[in-house]
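> I have a structure I would like to understand better, so I am pasting it below and will then ask my questions one at a time.
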Amino acid sequence: MFFVNRYKIRSFEMGLLLRDGEFRRLLPPGTHWIFSLTGRVRVEVVSQRAPWLVHEQLDLIVKSGALKDRALVVDLKDHQRALVWIDNRFSQILMPGLYACWTGQKDVRVELLDVGNARFEHGALKVIARTALASRALDVCTVQRDHVGVLYIDGAYVDTLAPGLYAFWKGQSEAKVVEVDLRETMIDVGGQDIMTADKVTLRLNAVATYKIVDARKAVSQTDDVRQALYRETQLVLRAVVGARELDAFLTEKETVAQEIEAGIQHRAGDLGLEIVSLGIRDVILPGDMKDLMNRVTEAKKAAEANLIARREETAAMRSQANTAKILQDNPTLMRLRELEVLERIAAGGKLNVVLGEKGLADRVINLL
C-alpha cells in the first residue's frame, strides 16, 4: 500500500529523510512530496537556528557527505578540545566527540586546541571562564592581589603565578595552585616559660613580623610555614634567654631581641621567609621574685637618695668653711656681713639691744 506525504520545510529548516529507520539524504527548504510503502519512509524536520545538529545517526549523516557546504563538522579526539564562536560571540567548549553545526543561518568559527599542556591560555580567557558550560572542561582559579600562586602539575612544581585568572584542562593532568600571601604577617609567640642562667623562671611573650619572599620554598619545605616559624622562634628564645642571668637579660632586652632575630633569620631563609622585625613584648616574673625585685629597687632608690643628701650636706659644709676662712682673713668683709645680719633683723621688726658687758655699748654704737 502506497502513501503520499507532503512536507513543508521552511527556509531556516532542513529535512532528514530516513528509509527503514536509516538516514538517506537531506531535504532542502521547500515543499516535498514523499511516496512510501506502508510508512517505511519518514522525514524529520530540524531547525538550522539551533545551530547544532543533534541526532542519534549523526555519524551516518556525516559519512554520507550530505552535510558538505551545509554544516561545519568537528570530530575531536581525546587530546583535543574546541572553542566555538557563533556570530563573533563565544558559545561553548566542545569535549571529545563528533559535532555538526549548521552554517547557513549563523557565522560559526571553531578553534581546535591540543590539551597536551594542562594549562589553558587564551586572550579571551575571562569571557570563556564566565560561561556556564566552561566548568565542564576547565578548572578555573583566581590569584588575588598581593598573592602569588605556586603551580604544581602531577605533583611537580611548574611555575609561580602572578595575580590574575588561570584555567586548566580537566581530565588531562592534575593541576593544583597553592595561593600564598606576600604581605607582612605577625605571629605571636606567647606564654613561653624559660629558665635563666641563675635559675629564675620567666614567662615571655614575643612577636615576630615576617613576609614570604620565596613562595615555592614556603609551600614545599613544610606543610605549615607559620607553625614552623613559631617552633623555630621558641627554640631560639630558650637558647638566648637561658644563657643569661636575670639582671643581664632585663638590662639588655633589645640586644637579646636582636640575637633572637639573627638566630632565626637563617632558618627563615630556608623556609622562604624574611624576618622583618622581632621584639619581646612582655616579661612576666613569678610573684615572689617580683616582690623581691621591688624590695631591691626600693632599697637602691633609698640608698641613692641618702647618698645625694649626704653629698649635698658635705657641699654645704664645705661652702660654709670656705666662707668662714674668707671672713677671718678679711675683717672688712666680716663687718659688712655683720651689718647685713643686723639689717635683716631690723627689717623683720623692732630691734631691742640689751647690753650687759662693760664696753659692749661702745662697740655696738661704733658698729651702728
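Just so it is clear, none of the values below were taken in a lab; they were calculated from the coordinates. Small disclaimer: the values here were computed from a predicted structure and weren't measured. When we count neighbours, we look across all protein chains shown, and the Cβ atoms used for this are built from the backbone with ideal geometry, even at glycine.
> Given axes a ≥ b ≥ c from the Cα gyration tensor, I'd like to know whether the range 112-214 is rounded (a/c under 1.5), prolate (a/b larger than b/c) or oblate.
prolate
> With everything on Cα atoms, drop me the angle between helix 225-242 and the longest principal axis of the chain, reported from 0 to 90° to the nearest 10.
20 degrees
> Can you give me the angle between helix 287-329 and the longest principal axis of the chain, using Cα atoms only, in degrees from 0 to 90, rounded to the nearest 10?
40 degrees
> Do any of K8/K68; K176/K211; K126/K211; K77/K217; K253/K300; K217/K253 go past 27 Å between their Cα atoms, and which?
Numbers: K8/K68 23 Å; K176/K211 23 Å; K126/K211 31 Å; K77/K217 39 Å; K253/K300 21 Å; K217/K253 32 Å.
K126/K211; K77/K217; K217/K253, as the Cα separations exceed 27 Å there.
> Same structure again: Quick one: 3J(HN,Hα) in Hz for the range 217-223, Karplus 6.51/-1.76/1.60 with θ = phi - 60°, rounded, Gly and Pro as x.
Result, ordered by residue: 5, 4, 8, 8, 6, 8, 7 Hz.
> Also, I was wondering about something else. Would you calculate, for the chain, the mean residue ellipticity at 222 nm contributed by helices, counting each DSSP H stretch of 4 or more residues as -39,500 (n - 2.57) and dividing by all residues, to the nearest 500? Don't skip to the answer; put the middle values down first.
On the way: 10 runs with 132 residues, N = 368.
Value at 222 nm, helices only, nearest 500: -11500 deg cm²/dmol.
> Can I ask one more? Rounding to the nearest 20 debye, state how big the charge dipole of the chain is about its Cα centre with +1 on each Lys and Arg Cβ and -1 on each Asp and Glu Cβ. Let's see the in-between values first.
Details: 51 positive and 50 negative charges, 363 e Å.
That gives a dipole near 1740 debye.
> Kindly express, to the nearest 10 degrees and within the range 0 to 90, the angle between helix 331-347's C-alpha long axis and the longest C-alpha principal axis of the chain.
70 degrees
> Out of R267, R40, R145, any idea which swings most in a Gaussian network model of the chain, alpha carbons joined below 10 Å?
R40
> Same structure, new question: Under 8 Å for C-alpha pairs, at least 6 residues apart: give me the relative contact order for the range 185-284, rounded to a whole percent.
41 percent
> Here is a follow-up. Expressed as a fraction of 2.2 N^0.38 Å, the rule-of-thumb size for a compact globular protein of N residues, what is the C-alpha radius of gyration of the chain?
Details: Rg = 50.2 Å, N = 368, 2.2 N^0.38 = 20.8 Å.
Normalised Cα radius of gyration, the chain: 2.42.
> What order do you get for F90, F249, F35 when you list them from fewest to most C-beta neighbours inside 10 Å? Intermediate results must be reported in sequence, preceding the final value.
Details: F90 18, F249 24, F35 9.
In order of increasing Cβ crowding within 10 Å: F35, F90, F249.
> Here's a follow-up. Normalised by the number of residues in the chain, what is the relative contact order in percent for Cα pairs under 8 Å and 6+ residues apart? Provide the component values of the computation, followed by the final result.
Details: 557 pairs, mean separation 31.8, N = 368.
The normalised contact order for the chain reaches 9 percent.
> Considering Cα pairs under 8 angstrom that are at least six residues apart, work out the relative contact order of the range 86-188 and quote it in whole percent.
Reported as a whole number, the value is 27 percent.
> Specify the residue with the greatest mean-square fluctuation among I61, I93, I212, computed from a Gaussian network of the chain linking alpha-carbon atoms under 10 Å apart.
Between I61, I93, I212, it is I61 that shows the largest mean-square fluctuation.
> Along the charge dipole of the chain, which of P29, V283, W102 sits closest to the positive end, that is, farthest toward it, with unit charges on the beta carbon of Lys, Arg, Asp and Glu (+1, +1, -1, -1)?
So the residue we want is P29.
> Farthest toward the dipole's positive end in the range 185-284, which of V219, L246, L204, given Cβ charges of +1 (Lys, Arg) and -1 (Asp, Glu) about the Cα centre?
Value: V219.
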